[in-house]
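Before any comments, here is the structure.
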Amino acid sequence: MSVSNFRKRLYYDDSYLTRFEANVVEQYRKGDRFAVILDRTAFYPTSGGQMHDLGFLNERPVVEVLEDGGEVLHLVELPFDDERLSGKIDWQRRFSFMQQHTAFHILAQAFLRALRLDTLSSHLGESASTIDIAADDITWEQIEQVEKLVHQVVFENRPVETFWVEKGKLQSLSLRKMPPDIQKPIRLVSIKDFDLDPCGGTHVRNTGEVGIVKILSWEKVRGNIRCTFQAGWRGLKDYQQRVVTTQAIAQAISVTDDEMVKQVIALKASLKQREKQLQKKNEKLLQLEAQQFIENLRRRPEKTWTAAAEQKTPAEIKFLAKTVGREAPAGVIIYSNEEPMFLVVVWNGDNEKDLRLLIPKLQKLMDVKGGGSPNFVELHGLNRNNSQQAIGEIKIFLEQS
Ligand SMILES: [Zn+2]
């Protein structure tokens, strides 16, 4: 038997114990902190899918609790001068983990009984808990079946007890899951007439203390189903937030909760239809604007038609340039007046030109990006300082024979 087995883990016998006295056995530097080993402790170290406790040793915060080679390491910022320490567990955090952990046992057995599905693993995190189920798929109806059984067990307020069993006696017990290593005595957790499972974690005394247990979502992870759940105080908080959110959405769209989904779907469909109508109107407007551009540009003597477009998206500028380009005698430059500037060049002349050659030419002078085809090029990255120089260079390129 290793030395560590003489150190007492007080949470095994009483998970409600929040204050204790202990002697320092050893302390040493570990990274930028100090690890303290005590002869007895109520601090739960991160293990078995459950997060560690927080709390104080002689009013000094314990920032992490680890298990290392069978020892419980309490990590603190500074070492202690005293031999004797008093410990205090952060009860709110501990009780929340006790609720999540007991909920996990009930869920695992409920999945087995209601759906004949085995539980693979669990993770009880600081904000969310997950349970991995051996299944390809699951439905909300099946989830509700499981939750109904879970709450039956919660409302029946069944006792939750722990006890140790010697190797060899396990075979006669009907455990939900056999432990892989049964060489030494093992701790079992029983939920009266419902579940029996090996576990070293902290649990509540009666299932009623678990409170609400709700699966919030699920996803496929490595071919199995991972359910995210909340229990106890966390479950209540989550429910409260959801009610507030639902109410706010219902008020924003002026409907009752029951009509909300129907109304949101209807709103989405009507928005899509209006967007289509708007797009059609916009296209007509752009056509008219393009005609106006053409008439104005025809009156001017310049060989290259150049115009600035106010408050236009890149797609609208491209549409304008293409429409104007079809009527132009040679080259067309249309650009947005707002920064970041967007500029389009179109070629409609008789002789062949490759407008793409413009891009490396301009890139030698300024930081621009662009692309397109021989007759159509778009440029990004121009600003007020370099746009006139760029337009000048483009005109030279377009007007040389
Ligand atoms: Zn457990």
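Each reported figure results from applying straightforward, stated rules to the coordinates on display, with no laboratory input. Here the structure is a predicted model, which means the values were calculated and not measured. FYI the Cβ positions are ideal-geometry reconstructions off the backbone, even for glycines, and counts take in every protein chain you see.
Based on DSSP H segments of at least four residues, each scored -39500 (n - 2.57), the chain has a per-residue ellipticity at 222 nm of -11500 deg cm²/dmol.
Please work out whether segment 288-399 counts as rounded, prolate or oblate from its C-alpha gyration tensor, where a ≥ b ≥ c are the square roots of the eigenvalues and a/c under 1.5 means rounded, while otherwise a/b larger than b/c means prolate and anything else oblate? Let's see the in-between values first.
On the way: a/c = 1.60, a/b = 1.18, b/c = 1.35.
Oblate, because a/c is 1.5 or more while a/b does not exceed b/c.
Give me the angle, in degrees from 0 to 90, between the Cα long axis of helix 232-252 and the longest principal axis of the Cα atoms of the chain, rounded to the nearest 10. Between the helix axis and the principal axis of the chain, the angle is about 30 degrees. Karplus-derived 3J(HN,Hα) values for segment 202-212, using 6.51 cos²θ - 1.76 cosθ + 1.60 with θ = phi - 60°, are 9, 9, 7, 7, 9, 4, x, 5, 5, x, 5 Hz; glycine and proline are entered as x.
Antiparallel as a % of all DSSP beta bridges within segment 288-399, to the nearest 5? Could you put the intermediate results ahead of the total?
On the way: 16 of 21 bridges.
Bridges in segment 288-399 that DSSP calls antiparallel: roughly 75 percent.
In segment 94-241 the Cα-Cα distances spread across 10 Å bins starting at 0 as 11, 42, 35, 10, 1 percent of all pairs.
If a spin label sat at a point 7 angstrom from the Cα of Glu144 along the line to its beta carbon, the backbone N atoms of segment 202-238 nearer than 18 Å would be those of 213-218.
Any number yet on Rg/Rh for segment 229-375, C-alpha, Kirkwood?
Values: Rg = 25.4 Å, Rh = 19.8 Å.
When Rh is taken as the Kirkwood radius, the ratio is 1.28.
One quarter of the surface of the convex hull around the alpha-carbon atoms of segment 1-116 equals 8.5 nm², the direction-averaged projected area.
Kindly express, to the nearest 10 degrees and within the range 0 to 90, the angle between helix 387-399's C-alpha long axis and the longest C-alpha principal axis of the chain. Helix 387-399 sits at roughly 50 degrees to that axis.
Could you tell me the relative contact order of segment 3-89? Use alpha-carbon pairs under 8 Å, at least six residues apart, and round to a whole percent. If you can, show how the numbers build up before the last one.
Values: 190 pairs, mean separation 28.9, N = 87.
Worked out over segment 3-89, it gives 33 percent.
Bridging of Lys268 to lysines at a Cα separation below 27 Å is possible for Lys276, Lys280, Lys281, Lys284, Lys312, once same-chain residues fewer than 8 apart are set aside.
Please label the shape of segment 218-276 as rounded, prolate or oblate, based on the square roots a ≥ b ≥ c of the eigenvalues of the alpha-carbon gyration tensor (a/c under 1.5 means rounded; beyond that, a/b larger than b/c means prolate, else oblate). Intermediate values should be presented prior to the final figure.
On the way: a/c = 3.99, a/b = 1.47, b/c = 2.71.
The shape class here is oblate.
In a simple Cβ point-charge model (Lys, Arg +1; Asp, Glu -1; nothing else charged), the chain has a dipole of about 1080 debye relative to its Cα centre.
May I ask you to derive the relative contact order of segment 94-241, considering only C-alpha pairs under 8 Å and at least 6 residues apart, and to give it as an integer percent? Could you put the intermediate results ahead of the total?
Values: 265 pairs, mean separation 45.4, N = 148.
Relative contact order for segment 94-241 comes out at 31 percent.
Sorted largest first, the spans of the alpha carbon positions of segment 335-401 along the three principal axes are 33, 18, 17 Å. Each principal axis of the Cα atoms in segment 167-245 has its own extent, and those three values, largest first, are 54, 35, 20 angstrom. Here the gap between Lys369 and Arg19, fully extended at 0.36 nm per residue and compared with their Cα-Cα distance, gives a gain of 119.3 nm.
Using +1 at the C-beta of Lys and Arg and -1 at the C-beta of Asp and Glu, which of Ser121, Gln92, Ser217 has the Cα lying farthest in the positive direction of the dipole of the chain? Of the options given, the answer is Ser217. For segment 128-133, 3J(HN,Hα) computed residue by residue from phi via the Karplus equation (6.51, -1.76, 1.60; θ = phi - 60°) reads 9, 10, 10, 9, 9, 10 Hz, glycine and proline entered as x.
Relative to the first principal axis of the alpha-carbon coordinates of the chain, what is the inclination of helix 91-115, with its axis defined by its Cα atoms, in degrees from 0 to 90 and to the nearest 10? Approximately 90 degrees, to the nearest 10. Once the chain from Asp137 to Leu357 is taken as fully extended at 0.36 nm per residue, the excess over their C-alpha distance is 73.6 nm. For the pair segment 29-86 / segment 131-192, the C-alpha centres are spaced 30 Å from each other. Shape index of the chain: Rg/Rh, with Rg the Cα radius of gyration and Rh the Kirkwood radius from the inverse mean 1/r over Cα pairs, equals 1.27.
Dipole size in debye (nearest 20) for segment 94-241 around its Cα centre, Lys and Arg Cβ +1, Asp and Glu Cβ -1? Could you put the intermediate results ahead of the total?
Working: 19 positive and 18 negative charges, 81 e Å.
So the magnitude is around 380 debye.
Rounded to the nearest 20, the size of the Cβ-charge dipole of segment 3-89 about its Cα centre is 100 debye, with Lys and Arg at +1 and Asp and Glu at -1. Annotation: segment 152-305 has a Kirkwood hydrodynamic radius of 22.8 angstrom, from the mean reciprocal C-alpha pair distance.
One chain, two ends: Ser121 and Glu77. Fully extended at 0.36 nm per residue, the span grows by 12.5 nm beyond their Cα-Cα distance.
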